[in-house]
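The structure under discussion appears below in the form of structure tokens.
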Amino acid sequence: MLLGKVLRVARPTDNLDKVVEFYTKGLGLEVLYKFQDHEGFDGVMIGLVGAAYHLEFTSHRGYYAGSAPTQDNLLVFYLPNQTEWLEAIARMKNAGYEPVQSYNPYWDKNGLTFADPDGYRVVIQNDVWDL
């Protein structure tokens, strides 16, 4: 098999502390690992213990990462249980994050979209992902 069993989504940021706060306090993910000054890079892995995915955010001293290239750069989290979905939305709002209108109106039908400090969008979708 060409692909592994764990997915890491990695991207740079100029706002490491604010991004970590968005994904932990807002989304409810956990800091899994941190590193500092690894050849000029600082970074944080965020996810859920035991999950087959995690996010890595890095900051490189002297490098400008910039913001999201478009409003349609998305991470989508599917929460089919409406109670869990409502709790996730409340956690985002309680952490100070308000929904934004999705670039693609499809995501506004069963979900809400939030922009992280770099402008990347996260959709919390009240739906089932069924292949």
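The values are calculated or read from the model by the stated rules, or taken from the named source; none is laboratory data. Worth saying up front: this structure is predicted, and the values here are computed from it rather than measured. Note that we place each Cβ from the backbone using ideal geometry, even for glycine, and neighbour counts take in every protein chain shown.
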Original post:
Taking the stretch 1-25, which residues are surrounded by 14 or more Cβ atoms within 10 Å (Cβ to Cβ) and over 14 Å from F57 (Cβ atoms)?
Top reply: K25
**OP:** Could you please give the count of residues in the stretch 52-70 that are within 15 Å of the chain's Cα centre (by Cα) and either at pLDDT 95 or above or outside the structural domain of Y33 (by TED's automatic domain parsing) (or both)?
**Re:** 7
**OP:** Sort out which residues of the stretch 71-89 are over 22 Å from A51 (Cβ atoms) and loosely packed, with under 13 Cβ neighbours inside 10 Å, and write them in order of number.
**Re:** D72
Original post:
Which one of these is part of a loop (DSSP other than H, G, I, E, B), in contact (Cβ under 8 Å) with a residue 12 or more places away in the chain and farther than 16 Å from N15 by Cα: V49, V122?
Top reply: V49
Original post:
How many residues are over 19 Å from R121 (Cβ atoms) and assigned to a loop (DSSP other than H, G, I, E, B) when one looks only at the stretch 1-28?
Top reply: 6
